[in-house]
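Below is one structure, written out as structure tokens; the observations come after it.
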Amino acid sequence: MPSKITSAMNIPVVDFSPWKDPQDRTGHPQVAQEIVDTFKNVGFVYLVNHSLPGIVLDETFDWTKCFFSLFEEDKMKAPHPEGWAVYRGYSWPGLEKISHVSAGNNDELLKEMKQVPDVKEIYDMGSERNFHQPNQWLPEDTLPGFRDFMNQFYWECGQVADEVLRAIAVGLDLEDKAYLAKKHSGENHHQRLLHYLPVPAEDLEKERASRCMAHTDWSTLTLLFQDDCGGLELEDVPKPGTFIPAAPIKNAVVVNARDVLQMWSNNKLKSTNHRVTLLPLSDRFDGENGMTHERFSIPFRASIARSVLPARHVNPTMSIPNEALQKLLQEIETQAITSQQQLNITKAQITAKQKNARLLELTSKELSTLPKETKVYEGVGKMFVGVPMQAVDKRMSSENTTLKTDISGLEKKLDYFETTHTKARENLEAILKPRK
Ligand SMILES: O=C(O)CCC(=O)C(=O)O
Ligand SMILES: [Fe+2]
């Protein structure tokens, strides 16, 4: 039965309080069913009354704001280490996208993606006991207390993720109710602090800058805490290409199923495409320059234990050692994310060029109805200059040919990115899907 309470746009809101009491399980099955139902239909759910009190969430946002308000040179005391498959330390605006693309050594694409910079800065951390990806901390005196607080928050989020995983197992009626939770040691999760910078709203509208392009998440679950700015949107499962807002609800955590959970559930649970964009509201920006509000969010990404993969889920014909497998997985994941971003950029480029071509065709049609000697004018800077109609016609026809060639080239590129993306996802599936 679908959850009765829903957010403004029909993303169910589930009261998670029965799962906070391990002694009394009477309320568990209903909540578990509600979560699984919404993961099947929407892929996202808001959980309220989870075990993280509002006061702790407020404090976490305060620390996040303190971190990002440090001077650049201070934030750079905990820099993101070199390498594209690393999720630790401080990434300055634009670094993440650029480092993803560099991994592919694709200079042309790098140039294109740099034209649409990501306007966010990031701080990534994980477990202190994860020696494969050591945390990058600021010196304690730069922001005293930050490290302790964030470490504690990490484990508290891990606890909520554990409870949700147990609820999903109950909702799916798995024989072992701890089956999913046991695949997570807690050491491999990833906690991210995000600061979306204020930018001219027009840059986002005209796609000269992006906050976070449409994507699905890797691994099993994301717990997302967002401030009151808004902008998160998810794809409407029955209407691909249409996005609905996941508006902020004070103290709720937005939980979504990720790719591995979708694979493990044989596609029953949906890993839904989502993005962060400009709010479609009149108050979406401030001041004379139409600057967007800054936005803070904190995604906690629950990830499977390193030991889970080779032991249980690897195709037996692939005798790849653990380390190499982890690296391979990260490479394929990066390829999947990058090709998805490339796909989105190419689609936007095709749409823009098609719009221009249509405009030229309409203008040309209009001109053809006028007598040949009609005077026509073209804009040059702030002036209008009279030009012979044949010259305008010739220019438009040549522009149209160029546009058609560009569109055909872009369509080929789109096809290539689509194939790369599908292949990357198939490879991930081949490695991670449990054998029958
Ligand atoms: O900032 C947000 O609200 C979403 C971020 C996100 O989707 C991600 O980090 O995977
Ligand atoms: Fe995401």
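Values quoted throughout were computed directly from the atomic coordinates according to the rules given, and no laboratory measurement underlies them. All figures in this text were calculated on a predicted structure; none of them were measured in a lab. When we count neighbours, we look across all protein chains shown, and the Cβ atoms used for this are built from the backbone with ideal geometry, even at glycine.
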Inter-label distance, nm, simple model (7 Å from Cα along the C-beta direction), THR422/TYR179: 3.0
State, to one decimal in nm, how far the label point of VAL387 lies from the label point of SER17, with both points 7 Å from Cα in the Cβ direction. 7.0
How high is the FRET efficiency between GLU82 and GLU373 when r is their beta carbon distance and R₀ equals 51 Å, given to the nearest 0.05? 0.15
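Over the stretch 160-267, what is the mean sequence separation of C-alpha contacts under 8 Å (at least six apart), divided by residue count, expressed as relative contact order in percent? It would help to have the intermediate numbers written out before the result.
Values: 93 pairs, mean separation 23.8, N = 108.
Computed over the stretch 160-267, the figure is 22 percent.
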For 243-253, 400-410, 189-199, ranked highest to lowest by mean beta-carbon neighbours within 10 Å, the order is 189-199, 243-253, 400-410
Beyond 32 Å (Cα-Cα) in this structure, taken from LYS353/LYS375; LYS250/LYS423; LYS77/LYS413; LYS239/LYS353, we find LYS250/LYS423; LYS77/LYS413
Difference of contour (0.36 nm per residue) and Cα-Cα distance, ASN400 to LEU362: 12.5 nm
Cut-off 20 Å, label point 7 angstrom out along Cα-to-Cβ of ASP141: give me the residues of the stretch 58-77 whose amide nitrogen falls inside. 67, 70-77
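Using Cα-Cα distances under 8 Å and only pairs 6 or more residues apart, what relative contact order does the stretch 322-432 have, in percent? Spell out each step's value before the answer.
Working: 71 pairs, mean separation 52.7, N = 111.
Relative CO of the stretch 322-432 lands at 47 percent.
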Evaluate the distance, in nm, between pseudo-label points positioned 7 Å from the Cα of ASP228 and of VAL48 along their respective Cα→Cβ axes. 1.6
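Could the peptides 145-155, 216-226, 265-275 be put in order, highest first, of the mean number of other beta-carbon atoms found within 10 Å of their residues? Spell out each step's value before the answer.
On the way: 145-155: 15.8, 216-226: 22.8, 265-275: 19.0.
Most protected by this proxy first, the peptides run 216-226, 265-275, 145-155.
Residue separation times 0.36 nm, minus the C-alpha to C-alpha distance between TRP155 and HIS215: what's the value? Show your work: numbers first, answer last.
Working: separation 60, 0.36 × 60 = 21.60 nm, distance 2.61 nm.
Length gained, TRP155 through HIS215: 19.0 nm.
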